[in-house]
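Structure provided below as structure tokens; questions to follow.
Just so you know, all these numbers are worked out from the coordinates, no wet-lab data involved. Predicted, not measured: the structure shown is a model, and the values here were computed from it. Ideal geometry is used to build each Cβ from the backbone, glycine not excepted, and the neighbour counts take in all protein chains shown.
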Amino acid sequence: MKILVTGSSGHLGEALIRTFRSEQREAVGIDILPSEFTDAVGSLVDRDFVKRCMRDVEAVIHSATLHKPHVVTHSRQSFVDTNITGTLNLLEEAVLCGVNAFIYTSTTSAFGSALTPPPDAPAAWITEDVRPIPRNIYGVTKTAAEDLCEFFHRKQRLHCLILRTSRFFPEEDDREETRRSYEDGNVKANEFLYRRVDLEDVVSAHLLALEKAGSIGFGRYIISATTPFTRDGLAELRIDAPAVVRRLFPDYQAEYHRRGWKMFPGIDRVYVNERARNELGWSPRYDFRAVLDRLKANEDVRSPLARAVGSKGYHAEKFVHGPFPVE
């Protein structure tokens, strides 16, 4: 099976190409930026470029996108061109070429304002059934691209699965208050409880999606580390997350104290990956328990694949007030 991977110079795209090469599977990487993992350089907005790259392709993993960090630095039209028109071009050519599986990498950011409950409400329990309320052009274009995928499944019978991935980028948090209050490793460890996933687990989800697309047809899946929380604890989680975490992980406090770390005082949402585990057979390896065990052993909490890919950033230039400008 020849697999086309878009965004092959990015975090996920590189990880996918690395994995396919290690397994000696035929894969072609495309991106607007050159890299050792990119076979063809060009824009998805260029339909002729897409057509050439789709030759003899049997499956597509579409991970290329303009991201949230680009919201301030790129125009809304650029987001529409890349995230919507680029996806449409891929879908059109995939149908013409008889592609067997189309895997679209989306984001939990698509849920937007649905992720933030009112001040006195419990933490939000986020499943695929929650209706997205995009809060920026990034979310708008990602949900629109998802809808295009569903449309092509209905009208063209294209087997298409959508993976809404949570945070797996290695860069520091974009919120200045968070960067001032917590070490970067502390932030990321905390996030494995409810909103982060390791890059290696993201790749394994995509590989399973390739295998299952034909039998499933169409589906949306949240790809995030398995949370230890349950629905009946959401009210307390919102106002006293340390107490909830202490009950679940009695050993966490000593390790955090050793490092001078702290738990977030409250957690406002929880991503639920149950559907991906049940329907894709996905078994993510990196959760808070795994992270805590590695911290206690003074080991790097990242998977070998995440360490190999490393940090890329989203812009060529450096910014004074954070990893990227925010709205």
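Please find the FRET efficiency linking Arg277 to Ala243, where r is the Cβ-Cβ separation and R0 is fixed at 35 Å, and quote it to the nearest 0.05.
Values: r = 27 Å, r/R0 = 0.77.
Plugging the Cβ-Cβ distance into 1/(1 + (r/R0)^6) gives 0.80.
Which number do you get for Rg(Cα) / (2.2 N^0.38 Å) in region 1-113?
That ratio works out to 1.03.
Restricting to Cα pairs below 8 Å that are 6+ residues apart, what does the relative contact order work out to for the chain? Please round to a whole percent.
Values: 598 pairs, mean separation 61.3, N = 327.
It rounds to 19 percent for the chain.
Another question about this same structure. State, to one decimal in nm, how far the label point of Glu211 lies from the label point of Arg21, with both points 7 Å from Cα in the Cβ direction.
2.4
Additional query: What's the longest piece of the chain with no exposed chymotrypsin sites (Phe, Trp or Tyr not before Pro), counting a site as exposed if DSSP puts it in a loop and it has at most 16 other beta carbons within 10 Å?
1-313
Using only the Cα atoms of region 177-290, what semi-axes does the equivalent ellipsoid have when each is the square root of 5 times a gyration tensor eigenvalue? Give whole Å, largest first.
The answer is 29, 15, 12 Å, longest axis first.
In addition: Between Rg and the Kirkwood Rh of region 39-195, both from Cα atoms, what is the Rg to Rh ratio?
Here Rg/Rh amounts to 1.02.
Moving on to the next point. Seen from all sides and averaged, what is the projected area of the convex hull of the Cα atoms in region 3-305, in nm²?
15.6
Using only the Cα atoms of region 177-222, construct the convex hull and provide its projected area averaged over every direction, in square nanometres to one decimal.
4.2
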